[in-house]
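**Student:** First the structure, then my questions, so here it is.
The values are calculated or read from the model by the stated rules, or taken from the named source; none is laboratory data. Being a predicted model, the structure only gives us computed values, none of them experimental. Methodologically, a virtual Cβ is constructed for each residue, glycine included, from the backbone with ideal geometry; neighbour enumeration extends over all protein chains shown. All accessible areas refer to the heavy atoms of the entire protein, side chains included, with ligands and DNA or RNA removed. Shrake-Rupley method; radii C 1.70, N 1.55, O 1.52, S 1.80 Å.
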2 protein chains.
Amino acid sequence: MDENATLDRLLREAGSPFDTAGLKALIAGVAAAPPGGDPAAWVRLVAAEPSPELTGRLLVLEAGQRAAADAMVPPTAAERLARLRGELIRREVHGFLVPRADEHQGEYVPARAQRLAWLTGFTGSAGLAAVLPKAAAVFVDGRYTLQAETEVDGRFYARRHVSDQPVTEWIAETLERGQVLAYDPRLHTPGEIERYRAAAERAGGSMRPLDDNPLDAVWADQPPPPLAPVAAHPLAFAGESAADKRRRLAADLGGAGADAVVLTAPDSIAWLLNIRGGDVPHTPVTLAFALLARTGAVSLFIDRRKLLPGVAEHLGPDVEVAAPEAFGPALDRLGRDGKTVQADPATAAAWVFDRLAAAGAAVRRAADPCQLPKACKNPVEVDGTRAAHRRDGAALSRFLAWLAQVAPKGGLGEIAASDRLEEFRRGGQHFRDLSFDTISGAGSNGAIVHYRASPKTERRLGLGELYLVDSGAQYLDGTTDVTRTVAVGTPDAEMRDRFTRVLKGHIALALCRFPKGTTGSQLDALARQPLWEAGLDYDHGTGHGVGSYLAVHEGPQRISKMPGTQPLLPGMIVSNEPGYYKTGAYGIRIENLVLVVPQDRIAGAERDIFGFETLTLAPIDRTLVDADLLDADEIAWLDAYHARVRTELTPLVDADTAAWLTEATRPIAPG
Amino acid sequence: MDENATLDRLLREAGSPFDTAGLKALIAGVAAAPPGGDPAAWVRLVAAEPSPELTGRLLVLEAGQRAAADAMVPPTAAERLARLRGELIRREVHGFLVPRADEHQGEYVPARAQRLAWLTGFTGSAGLAAVLPKAAAVFVDGRYTLQAETEVDGRFYARRHVSDQPVTEWIAETLERGQVLAYDPRLHTPGEIERYRAAAERAGGSMRPLDDNPLDAVWADQPPPPLAPVAAHPLAFAGESAADKRRRLAADLGGAGADAVVLTAPDSIAWLLNIRGGDVPHTPVTLAFALLARTGAVSLFIDRRKLLPGVAEHLGPDVEVAAPEAFGPALDRLGRDGKTVQADPATAAAWVFDRLAAAGAAVRRAADPCQLPKACKNPVEVDGTRAAHRRDGAALSRFLAWLAQVAPKGGLGEIAASDRLEEFRRGGQHFRDLSFDTISGAGSNGAIVHYRASPKTERRLGLGELYLVDSGAQYLDGTTDVTRTVAVGTPDAEMRDRFTRVLKGHIALALCRFPKGTTGSQLDALARQPLWEAGLDYDHGTGHGVGSYLAVHEGPQRISKMPGTQPLLPGMIVSNEPGYYKTGAYGIRIENLVLVVPQDRIAGAERDIFGFETLTLAPIDRTLVDADLLDADEIAWLDAYHARVRTELTPLVDADTAAWLTEATRPIAPG
């Protein structure tokens, strides 16, 4: 009996709706998603209760599919570019834009949408390629200029710093009169296209949207859309039912005079419907589109094959599940009915706005209505995140205790260190995944803000050096993100001075109180002042929003030099992560997550005052603290924080770690 | 021999071009401007060297004209509104907008442009009236809600808080389908009109620009445009010749691809051409329009009668002087020639953009190019402002010493106090005018942020109360603005706590260092932190830009909660003025002007770091300082500041003031 016949039989016996052909397509989709926290979960997409034998065969098939994908050898960069140019000629356009973004404008994109990486080799998290008949360029921001030099072949692409040499400038200079620069309107925001179009017109050329992506036509082994399983996110973690969320938002929508709102951000849809998926790395979302009507009803455009048993029931009768292909026609229908439809120009694609307008809808540009309620965590989410942080702090402390033993002996590599940290985390309750690729940087690698260790780049942790580890996890009850910088052996005076200044900034933010209405932009300088006084600074934001078992970077709040208008509100989680980086030498960052909480015990207060509760629990390396640079309030904060870390974590760790914790959290203040 | 014949003879003998009719018109214009620092200067507009007899007669005529204007009794509010509505019917429109702004969008407007005050009685520095056939409303901001209640008759006008009940909302609710809301396009920015138009269209109505202002048609005794004399601002004070400024800006203009820029802000024109005037109170500008071409040539549209002898020569051959009426045709000409013309949508009127566009110009919206170079003072201006501040500090110290003697005896009124302060200032070298109406507030009046004492409102300075005085002057070499809060008798513990918190915020800003690229918005929280910690705050900005013998409020920099994008640059002057206000009780503000200066002596600095040099010199009331709330750095700042005040001012004051200064600037630190 051949393999296929056996499989057919097992599928039938399990009551699966799939035949072998259908199964093959499903597995291709599954393999196009990251393996995720529970790599076997997807088999329940095939049958609600698969037999052990079926499960085994399915996992073997998936492993084979993943191995085949890994083994695929792409054509050379020259060949890929030539194929794209050929396709553009066939379509009678001159140029094409290839952004890193997918149709959802998120931080992570699935394998299928890695078009920029396939074409140019550039694998950073933001960038754009522009291709014309005789010129091509890759645009990246300051984080990625070095990486682009390594990854992108300079013979075929000019490599540009996107702020110094903007895309618009390149278009205006390079596009020739009468030329047509094409783009995929599903991959760009309307604002981007408006800017590019103005530049193209300055050059005497024009922009043209294409119905389908010419790069997809020439990418022979492009993965299919990912098909990671979608599960319900239980009320015990979400804290508010999807029905209540829908009603709440629908009421606002009606109040604002809109008939429906288009949702294209996967984390908004996940939050609204209390579902979680695994289509992209590290953020537990499923890729989908949705329409929320002022009645509270939702149309969810998603590949049904992704829904685990029970999810349709969880969604309930007011959520209509439709195929992704039905999304466009649904927009047309809203237009034909003369509806007023809201969409967010920061996250929805130009295509959405064009299609709605063409169909006759009154289009209203407004922020995604899920963003703000999602950012303001409810009490259940707050309790969950506190619990997740205790577990995460225990794992990190076990790692730090282990590191204090091992590192001074020499020879420990960055990858081995982060692997060990991941192991400690994996043991924790509700652990699903890391929340991002761990940044594990020894010595000079610590100075690279978005460093990711590879066998080629990794360093050993050397005596007298600093080691920076920025890591986090996705737990069902919360998302964590923490950075600690530790000295291996004895740090020098400059390291201690810089570390203490970073710590002073961290404490200033942790201690600050501010009135209702205050934005993160207003507070950012508090974290930088101690560095500024010494003529130093760091070139990244001070804090980003964090989701609840969702994106580790979420808006609308942030703490940043960039002007912002979103006030910090109770329930928001934000990181507090000042740093200092000495290129070629070392990097320092101290990151805790903090929660915005009302301060109601200030005698004589005339305003509503908020402050921060620190969520993250892990010792801050005392050997790097120069207590002479701290004032009494700062020492009191550090000692109280360490006492809390010790009290909360000791019950959760082994005896060796507990002993290390006692030492690592000893007060600075005498007595 | 009758008066007219004598005058005719005197005019002829002085070689004046004026006949008596022309002279009458000139004097009407002169009387429509504020008297200014040198009330007799204008007679040189009549003749370069007028005889004493002619001078005497001219001043008598002007005094008569001013007395006649003061004696004019306007119709009742009901009558004024009825006349305007009648005029609107004649013009076949339904409504009309009456803003406080004039054609230059400045803070101060001339008597002729006080349309909002004439119509509604409201005299605040910002506001708008909207009149429809059956409804009318006056919109003011939070500073002016109380004042509007007093000044505006609620029987005829709804009185609205402009943020809570925006103009656009009122238009959308009140305008009826098919109605036409008219406006004077010279008095509104294009952004305003775009917002109003959207609201009118939501209501099914429309907006219509009018060629001339219907209110002017019904304001029978509306003053003519002001004709205060225009003088050259000597290079010894300006520090850079007008020719150099024109060349510098013209080069940038050419580089940006514009053929010309429209200048409508009087302080920009004054700065660019090194001229000063007196058409509005307290800001030494002349009302005019200008076009700067990429060649560096300027067309200045101004009433020639305002130019004092020698000014035309000062302007030189590259500055063409034309009549104000020639401004519109000049815009048409630029359009006909297909030029690219730049204008600032924040300061230029909608009319400018409409006219340029209608004539065929390519209109580019960009910031007024004079703003930034004007804000960054050159070394001559910086030296000038330091000298002006020494003089101003001496005058203020003489006042404070006098006050310390007189106030505790009781009975001193707010107006008498500010009159005395003005007297001390008037004696100073290069003094021309106050830089704004002095805020002299005792007790609860100090809590009104924009208080202006009147015989009806003024209070006596009482024992145990605080007295707040915010004042400044225009000197030829610099503009000052300073606030001191002093205790009369013994302050209570709460006053000292609040004062000390305000002082801590003031010192935090004075001491802070920040990297190149930092905006005032980023620093604002430093000044508020000590108040926030106690649940307190203040509802105004922390700092505004200040000109050099120009506007006491100038941009583009500011220190504010509001998001901003303009970095603080060396040479910028900005106020440092945190405060605290307890309604019905007292107000506290401590204001010094500070200069942005590079900090080049920080060992190991990796960034360009800037900081502030304090310009203002006057004691801060030590009896209000609770030294227990200050840390060592704060005490060191205060003692060093006071030592500097003592050292710099003692040589400039009388013996009594010197003795008082010694006591008032005694160190806080023991020993």
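**Student:** Out of (1) surrounded by fewer than 18 Cβ atoms within 10 Å (Cβ to Cβ); (2) modelled with pLDDT under 95; (3) not small (G, A, S), the odd one out for A:V162 is which?
**Tutor:** Status for A:V162: all satisfied but (1).
**Student:** Another question about this same structure. When the residues of the stretch B:489-510 are filtered to those that are charged (D, E, K, R) and over 20 Å from B:V594 (Cα atoms), which remaining residue is farthest from the chain's Cα centre (by Cα)? Before the answer, list the steps.
**Tutor:** Filtering the stretch B:489-510 for residues charged (D, E, K, R) gives B:492, B:494, B:496-498, B:501, B:504.
With the extra rule that they be over 20 Å from B:V594 (Cα atoms), the set shrinks to B:492, B:494, B:496-498.
Values: B:D492: 35, B:E494: 34, B:R496: 32, B:D497: 33, B:R498: 29 Å.
This residue is B:D492.
**Student:** Another question, then. Out of all the residues in the stretch A:573-603, which are among the basic types (K, R), closer than 30 Å to B:A605 by Cα and within 14 Å of another protein chain (Cβ to nearest Cβ)?
**Tutor:** A:K582 - this is the single residue of the stretch A:573-603 that is among the basic types (K, R), closer than 30 Å to B:A605 by Cα and within 14 Å of another protein chain (Cβ to nearest Cβ).
**Student:** Select from the stretch B:499-516 the residues that are within 11 Å of chain A (Cβ to nearest Cβ), open to solvent by 20 Å² or more (accessible area, probe 1.4 Å) and touching a helix residue (DSSP H, G or I) at 6+ places or on another chain (Cβ under 8 Å) and list them in ascending order.
**Tutor:** Scanning the stretch B:499-516 gives B:A508, B:L511, B:R513.
**Student:** Still on this model: Assuming A:G489 fulfils every condition listed in (1) in contact with a helix residue (DSSP H, G or I) (Cβ under 8 Å, 6 or more places away or on another chain); (2) under 22 Å from B:Y538 (Cα atoms); (3) open to solvent by 20 Å² or more (accessible area, probe 1.4 Å) apart from one, which condition is it?
**Tutor:** (2)
**Student:** Also, quick follow-up: Could you give every pair whose Cβ atoms fall below 6 Å, whose first residue belongs to the stretch A:185-205 and is among the basic types (K, R), and whose second residue is open to solvent by less than 80 Å² (accessible area, probe 1.4 Å), counting only separations of at least 6 or pairs across chains?
**Tutor:** A:R186/A:E103; A:R186/A:A349; A:R186/A:W351; A:R195/A:T168; A:R197/A:M207; A:R202/A:A172
**Student:** Considering only residues that are more than 30 Å from the chain's Cα centre (by Cα) and open to solvent by less than 60 Å² (accessible area, probe 1.4 Å), which ones fall in the stretch B:92-108?
**Tutor:** Passing the criteria: B:V93, B:G95.
**Student:** Can you confirm whether B:T123 is open to solvent by 10 Å² or more (accessible area, probe 1.4 Å), free of Cβ contacts under 8 Å to residues at least 40 places away in the same chain and not small (G, A, S)?
**Tutor:** Considered against the rule, which asks whether it is open to solvent by 10 Å² or more (accessible area, probe 1.4 Å), free of Cβ contacts under 8 Å to residues at least 40 places away in the same chain and not small (G, A, S), B:T123 comes out as yes.
**Student:** Sticking with this one: Sort out for me the strands (runs of 3 or more DSSP E) sitting completely within the stretch A:125-164 that have 2 or more residues that are at positive phi and within 23 Å of the chain's Cα centre (by Cα).
**Tutor:** none
**Student:** Here's another thing I want to ask about it. Residue check: is B:G547 away from chain A (no Cβ under 14 Å) and either at pLDDT below 95 or crowded, with 17+ Cβ neighbours inside 10 Å (or both)?
**Tutor:** Values: away from chain A (no Cβ under 14 Å): yes; either at pLDDT below 95 or crowded, with 17+ Cβ neighbours inside 10 Å (or both): yes.
When the stated conditions are applied, B:G547 passes them.
**Student:** Taking only pairs six or more apart or across chains, which ones have beta-carbon atoms under 6 Å, a first residue in the stretch A:273-290 that is more than 20 Å from A:P35 (Cβ to Cβ), and a second residue that is open to solvent by less than 10 Å² (accessible area, probe 1.4 Å) and assigned to a loop (DSSP other than H, G, I, E, B)?
**Tutor:** If the second residue must be open to solvent by less than 10 Å² (accessible area, probe 1.4 Å) and assigned to a loop (DSSP other than H, G, I, E, B), the pairs left are A:N274/A:H233; A:A288/A:I302; A:F289/A:T264.
**Student:** Identify, from the list A:L227, A:L263, A:L253, the residue that is crowded, with 22+ Cβ neighbours inside 10 Å and at pLDDT below 95.
**Tutor:** Result of the check over A:L227, A:L263, A:L253: A:L253.
**Student:** Please list, ordered by first then second residue, the pairs with beta carbon atoms under 7 Å, 6 or more apart or interchain, first in the stretch B:560-572 and within 12 Å of chain A (Cβ to nearest Cβ), second among the acidic types (D, E) and open to solvent by less than 40 Å² (accessible area, probe 1.4 Å).
**Tutor:** B:S560/B:D524; B:K561/B:D524
**Student:** If you don't mind, there's one more thing I want to ask. Determine whether the stretch B:635-645 contains at least one residue that is more than 19 Å from B:L511 (Cβ to Cβ) and either open to solvent by less than 20 Å² (accessible area, probe 1.4 Å) or at pLDDT 95 or above (or both).
**Tutor:** no
**Student:** Additional query: Condition first: open to solvent by 20 Å² or more (accessible area, probe 1.4 Å), farther than 21 Å from A:P284 by Cβ and not in a strand (DSSP E or B). Can you find one or more residues in the stretch A:421-438 that meet it?
**Tutor:** No, the stretch A:421-438 contains no residue that is open to solvent by 20 Å² or more (accessible area, probe 1.4 Å), farther than 21 Å from A:P284 by Cβ and not in a strand (DSSP E or B).
**Student:** For residues that are in contact with a strand residue (DSSP E or B) (Cβ under 8 Å, 6 or more places away or on another chain) and open to solvent by less than 40 Å² (accessible area, probe 1.4 Å), tally how many sit in the stretch B:143-159.
**Tutor:** 3
**Student:** Considering only residues that are under 13 Å from B:I269 (Cα atoms) and under 20 Å from the mean Cα position of the chain (by Cα), which ones fall in the stretch B:232-243?
**Tutor:** If the condition is that a residue be under 13 Å from B:I269 (Cα atoms) and under 20 Å from the mean Cα position of the chain (by Cα), then B:H233 is the only one that fits.
**Student:** Right, next: Scanning the stretch A:406-420 for residues that are farther than 18 Å from A:P455 by Cβ and free of Cβ contacts under 8 Å to residues at least 40 places away in the same chain, which turns out least open to solvent (accessible area, probe 1.4 Å)?
**Tutor:** My answer is A:V406.
**Student:** Looking at A:D539, A:D524, which is the one that is more than 30 Å from A:R432 (Cβ to Cβ), of a type in the set (D, E, K, R), at the interface with chain B (Cβ under 9 Å from one of its Cβ atoms) and in contact with a Gly (Cβ under 9 Å, 6 or more places away or on another chain)?
**Tutor:** A:D524
**Student:** Separate question: Could you please find all residues in the stretch B:608-634 being loosely packed, with under 14 Cβ neighbours inside 10 Å, small (G, A, S) and touching a residue at least 40 places away in the same chain (Cβ under 8 Å)?
**Tutor:** Answer for the stretch B:608-634, where residues must be loosely packed, with under 14 Cβ neighbours inside 10 Å, small (G, A, S) and touching a residue at least 40 places away in the same chain (Cβ under 8 Å): there is none.
**Student:** If you don't mind, another one. May I ask you to verify whether A:T519 is touching a residue at least 60 places away in the same chain (Cβ under 8 Å), β-branched (V, I, T) and either within 14 Å of chain B (Cβ to nearest Cβ) or surrounded by fewer than 24 Cβ atoms within 10 Å (Cβ to Cβ) (or both)?
**Tutor:** Criteria not met by A:T519.
**Student:** Based on what the data block shows, is B:R460 more than 14 Å from chain A (Cβ to nearest Cβ), touching a helix residue (DSSP H, G or I) at 6+ places or on another chain (Cβ under 9 Å) and surrounded by fewer than 21 Cβ atoms within 10 Å (Cβ to Cβ)?
**Tutor:** yes
**Student:** Sticking with this one: So B:L630 clears everything in (1) aliphatic (A, V, I, L, M); (2) within 14 Å of chain A (Cβ to nearest Cβ); (3) touching a Pro at 6+ places or on another chain (Cβ under 7 Å) except one condition, right? Which one?
**Tutor:** That leaves (3) as the condition not met.
**Student:** Among the residues of the stretch A:299-307, is any open to solvent by 30 Å² or more (accessible area, probe 1.4 Å) and among the hydrophobic types (A, V, I, L, M, F, W, C)?
**Tutor:** Among the residues of the stretch A:299-307, not one is open to solvent by 30 Å² or more (accessible area, probe 1.4 Å) and among the hydrophobic types (A, V, I, L, M, F, W, C), which makes the answer no.
**Student:** Something else about it: Go through B:E533, B:E606, B:E554 for me and flag whichever is more than 9 Å from chain A (Cβ to nearest Cβ) and acidic (D, E).
**Tutor:** Answer to the check: B:E554.
**Student:** Check off (1) at pLDDT 95 or above; (2) farther than 28 Å from B:G489 by Cα; (3) not polar (S, T, N, Q) for B:A603 and give me the number that stays unchecked.
**Tutor:** B:A603 satisfies every listed condition except (1).
**Student:** When the residues of the stretch B:341-363 are filtered to those that are more than 13 Å from B:I193 (Cβ to Cβ), among the aliphatic types (A, V, I, L, M) and under 29 Å from the mean Cα position of the chain (by Cα), which remaining residue is surrounded by the fewest Cβ atoms within 10 Å (Cβ to Cβ)?
**Tutor:** B:A346
**Student:** Right, another one. How many of the residues in the stretch A:573-607 are over 30 Å from A:L461 (Cβ atoms), in contact (Cβ under 8 Å) with a residue 40 or more places away in the chain and open to solvent by 40 Å² or more (accessible area, probe 1.4 Å)?
**Tutor:** The total comes to 2.
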